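First up is the structure itself, then whatever we jot down about it.
Please treat every number below as a calculation from the coordinates, not as lab data. Predicted model, so just to flag it, every value in this text is computed and none were measured. Glycine also receives a Cβ, built like all others from the backbone with ideal geometry; neighbour counts cover every protein chain displayed.
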Amino acid sequence: METILSVRGLTKTYPSGLKALQGIDLDIRRGEIFALLGPNGAGKTTLISAICGIVRASSGSVHIGGHDIVREYRAARALVGLVPQELHVHAFESTWDSTRFTRGLFGLPPDDARIERLLRDLALWDKRDEKIMALSGGMKRRVMIAKALAHEPAILFLDEPTAGVDVELRRDMWEIVRSLRAAGTTVILTTHYIEEAEEMADRVGILHRGEIVRVQDKGDLLRQLGRKELLLRLCSPLAGLPEGFDPAHSELREGGRELACHFAAGAAGPQIAAVLARLAALGIAYEDLSTRESSLEEIFVSLVQAGAGCPA
């Protein structure tokens, strides 16, 4: 798949000595949804700001659509739409005028049909004549997305796009992002909501202490690092683990009434069958069973807590 964004050796050290970014290498594919995950202070916003030219990197290079963001700034910036974490809108302008004006900032001719289509797609058409100051926080964020898309960018950066919005609006925003990807826009988002990345992303990147510690397809990450748990409710309590069960992967709970077994997610099927066969051979009956797979959040937490290969 074609690479639309390439980052090589990107670093950022502030005058205070803080190393916000440490040798970032990253390639983003055209048309994907890429979720950048990391705890507070990991460097997510700094990375996006450096890519978009808002923050000057200390070293390294960024190419967007083949254009160097320093030597070919105008061409590179024209390919990017940015929705920052903080709300920055012209409070006294109308939704229509603000969105239309932003398109003109990029030297593009007026295209009222596109602006109308954008506002309709973002459920803002009924608010087109309202002053932005009168809109709710969620509607203001939609206006920011409309402004970021007004010049038809190839890449849209969303920095914490659903921060501070309610659950219903968050899910509306997910649908908006999916529709953008369907239309061919590459979407790069940072988020604190792991469920957001799990729901939408094609790939995820984990940023910790200014370093990219893992970039992987979401499904592969869940399969490789995820675990599957088999939980059996036993008919009679056990005093200890059944013969042949490894304490590293099995445990008794609820006073011996529950047996929990853990497996690598990608190889769980045959192992679950083996566990059930072993219980049958031992004459151990169970009245109920359930399985549960680890979430992306659990994988993320385990990587960060382990340092993910980063220095302490």
- Summed over the other residues with a beta carbon less than 12 angstrom from that of Ala134, with K and R at +1 and D and E at -1, the charge totals 0
- Message: Please list 3J(HN,Hα) in residue order for the range 2-12, calculated via the Karplus relation 6.51 cos²θ - 1.76 cosθ + 1.60 where θ = phi - 60°; whole Hz, with x for glycine and proline.
- Response: 5, 8, 9, 9, 10, 10, 9, x, 6, 10, 8
- FRET efficiency, 1/(1 + (r/R0)^6) with R0 51 Å, evaluated for Leu231 and Trp125 via beta carbons: 0.55
- Ordering 73-81, 95-103 by per-residue average of other C-beta atoms within 10 angstrom, highest first, gives 95-103, 73-81
- Query: Under 5 Å between amide H atoms, partner at least 5 residues away or on a different chain: which partners does Leu156 have, H built in plane at 1.01 Å?
  - Reply: Gly81, Thr186, Val187, Ile188
- Message: For the ranges 20-26, 241-247, what's the packing order if you count other beta-carbon atoms within 10 Å of each residue, average per peptide, and put the highest first?
- Response: 20-26, 241-247
- Note on the structure: From DSSP H assignment alone, runs of 4+ in the chain each adding -39500 (n - 2.57), the sum over residues rounded to the nearest 500 puts [θ] at 222 nm at -10000 deg cm²/dmol
- Counting sequence-distant residues (5 or more places) and residues on other chains, those with an amide H built under 5 Å from that of Leu234 are Glu258, Leu259, Glu287
- Message: Can you give me the long-range amide H partners of Leu5? Hydrogens built in the peptide plane at 1.01 Å from N, cutoff under 5 Å, separation of 5 or more residues or another chain.
- Response: Ile28, Gly65
- Task: For each pair in Lys44/Lys218; Lys12/Lys147; Lys44/Lys127, compute the distance between the two Cα atoms and list the pairs where it is over 30 Å.
- Result: Lys44/Lys127
- Query: Residue-wise, which Karplus ³J(HN,Hα) couplings in Hz belong to the range 31-40, taking 6.51 cos²θ - 1.76 cosθ + 1.60, θ = phi - 60°, and x for glycine or proline?
  - Reply: x, 9, 9, 10, 9, 9, 10, x, x, 4
- Message: How charged is the neighbourhood of His208? Take every other residue with its Cβ under 13 Å from the Cβ of His208, and add Lys/Arg as +1 and Asp/Glu as -1.
- Response: +3
- Note on the structure: Rounded to whole angstroms and listed largest first, the alpha-carbon spread of the chain along its three principal axes comes to 78, 45, 37
- Item | For peptides 208-215, 286-293, 275-282, sequence by mean Cβ density within 10 Å, most packed first | 208-215, 275-282, 286-293
- Can you run phi through the Karplus equation (6.51, -1.76, 1.60; θ = phi - 60°) for the range 65-71 and list ³J(HN,Hα) in whole Hz, with x for Gly and Pro? x, x, 9, 5, 6, 9, 6
